[in-house]
1. Does region 255-279 hold any residues that are of a type outside the set (A, V, I, L, M) and farther than 18 Å from residue 239 by Cα, and which are they?
2. Residue under question is residue 294, and the condition is that it be of a type in the set (A, V, I, L, M) and closer than 30 Å to residue 194 by Cα; does it hold?
3. Tell me, which strands (runs of 3 or more DSSP E) wholly within region 222-338 include 1 or more residues that are open to solvent by 30 Å² or more (accessible area, probe 1.4 Å) and on the phi < 0 side of the Ramachandran plot?
4. Within region 350-366, is even one residue out of contact with any helix residue (DSSP H, G or I) (no Cβ under 8 Å at 6 or more places or on another chain), assigned to a loop (DSSP other than H, G, I, E, B) and either over 24 Å from residue 246 (Cα atoms) or touching a residue at least 12 places away in the same chain (Cβ under 8 Å) (or both)?
5. Of the residues that sit in region 204-221 and are within 38 Å of the chain's Cα centre (by Cα) and open to solvent by less than 30 Å² (accessible area, probe 1.4 Å), which one is farthest from residue 353 (Cα to Cα)?
6. Quick test of your reading of the structure: residue 277 fulfils all but one of (1) touching a helix residue (DSSP H, G or I) at 6+ places or on another chain (Cβ under 6 Å); (2) touching a residue at least 60 places away in the same chain (Cβ under 8 Å); (3) within 18 Å of residue 200 (Cβ to Cβ). Name the failing condition by number.
Amino acid sequence: MSRQGRRQPAPRRSAPARAGGPRRAGQSRRAAPRRERPAPPPPVTPYDDAPYDDAPYEDAPYGEAPLDGAPPAEDAYADIPPQRPGPRGKRPKKGGKGRRPGRPAGRPTEPERRARAVRRGGPGPKPYFAAAAVLGVLVLLGLGAVVLLDGGDPPKTAGATNANIGKPAGTGVSPTSYSSSPSSAAYAGIASRSADADPLTVGEEFPSSAAKLSVLDGKVTVKLRAKRLDGDCAAAVWGTTVGEELGRGGCTQAARAIYSDTENGYALAVAVFNLAGSADADRFVAKLETTIGAGFVRPLEAPAPLDGFGRGFGMARGLAMGHFAVVSWAQRLDGKGDEKDETLLSLLIEGGKAPAVLGRAARASH
C-alpha cells in the first residue's frame, strides 16, 4: 500500500485545550455566554375555575352549608363586627397580643370593672350618731296618733319676739358633749305661739305620769326630785350670749325639772323654753353648740347628791319642737362615763319627751 492511500491520524490536542487540564499561568478563562431561560408555560386550570379578574373571590358565611345530617355549627364570632375586605393579596393586620376583638385596647369590660371593684373593696358603712338617730325616731313615735303635716312656719305676729328678760348668771356649768336638731313637720300645728297661745302650767309639764322615768327595761329608774316654772327665762340659763338669744326669740317661760336614781348613780335634768316660733327654737338649740363653756342651761338646784350635777362627764341634747325648745342633760352622779354609755343615751331620749309639748302637737293635728 502506498503512503498516500494510508489514513492519516487525527492531530493531537494540546494540553491547554484538554478538558480538565491544568491552566497556564497568566491566562484567563473566558466565561461562556449565559443562556436565556424559556418562558414558563401558562398555568393550567384543571377545574376550569374563573380567573380572579373575572370573578372576585368571596367567602361563604359560616353555617350556610352544613354537612348532610349534621346540625349547623354555632357562630363563635357572631358578636364581632364585620370587617371590610382589604386589597387583594394582603391579609388584615392582627391585633396586639392579649387584645380581644370588638373593643378598644386598654378599656376594661364591665365584668372586668366589677371584678376590680370587688378586689379593691368598697366603702364601708357610713358612721352615724346613734343617739341622734334614735332620738329623732322616738320623738316621732311619742306623738302617737299625730298626723304629719307639711308646710313652713306661719307668719309671726307683731311684738311676739324681743321679749324683755332679766340678766342671766355670769358663770355656770356645761356638759361635755352636746348636739341639737331643728323642728320638723310633726310640730307644724304648734310652729307659732300665736296659734298655741296658752301658757305652760306646772301640771301640764310635770304630770304625775312623769314622776318616774325608766330606761333599759326598768334597770334604771330616775325619780323627779325638783321642778320649777319661771316667767323670766334668764333664770334658767347662764351666760350673756345665751340670755340675748332667748330675748331675741321672745322667750316667755322656762320650765325645769331634775331626776335621779341614787341606787344606780344616774341623774337627768330637763328644761323647756316657750319661744315665739319654730325658727326661734331652731336658732336657740343651735346656738348652745357654740356657747359651751361660756353659757348654757342651768340645771335646777336640788339637795345632795344632785348638788354636784354638772361636774364631770355629761351629755346634753337640744330639740326644737314647734315653738318650744327642749334641752335634756344626763350624767352619772360620780361624774364618770363616756359617750358610749347606753344608760346616758337612753336618759337623753326620755328627757326629750316633754309631755306638754307632745300633747299640744297631738291636739293641734286634729
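1. 259, 260, 261, 262, 263, 264, 265, 266, 274, 277, 278
2. Here the answer is no, as residue 294 does not meet what is asked.
3. 324-332
4. So far as region 350-366 goes, yes, one or more of its residues are out of contact with any helix residue (DSSP H, G or I) (no Cβ under 8 Å at 6 or more places or on another chain), assigned to a loop (DSSP other than H, G, I, E, B) and either over 24 Å from residue 246 (Cα atoms) or touching a residue at least 12 places away in the same chain (Cβ under 8 Å) (or both).
5. 220
6. (1)
Results for (1) in contact with a strand residue (DSSP E or B) (Cβ under 8 Å, 6 or more places away or on another chain); (2) among the polar types (S, T, N, Q); (3) surrounded by fewer than 17 Cβ atoms within 10 Å (Cβ to Cβ), shown as yes or no for each residue.
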| site | (1), (2), (3) |
| --- | --- |
| 164 | no, yes, yes |
| 168 | yes, no, no |
| 172 | yes, no, no |
| 179 | yes, yes, no |
| 185 | no, no, yes |
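Table: residues versus (1) under 34 Å from the mean Cα position of the chain (by Cα); (2) closer than 30 Å to residue 340 by Cβ.
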residue: 169; (1), (2): no, no
residue: 173; (1), (2): no, yes
residue: 179; (1), (2): yes, yes
residue: 183; (1), (2): yes, yes
residue: 190; (1), (2): no, no
residue: 196; (1), (2): no, no
residue: 201; (1), (2): no, no
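The values are calculated or read from the model by the stated rules, or taken from the named source; none is laboratory data. Since the model is a prediction, treat every value here as computed from it, not as a measurement. Because the Cβ atoms are built from the backbone with ideal geometry, glycine has one as well, and the counts that use them run over all protein chains shown. Remember, those area values only see protein heavy atoms, side chains included, never the ligands or the DNA or RNA. Shrake-Rupley method; radii C 1.70, N 1.55, O 1.52, S 1.80 Å.
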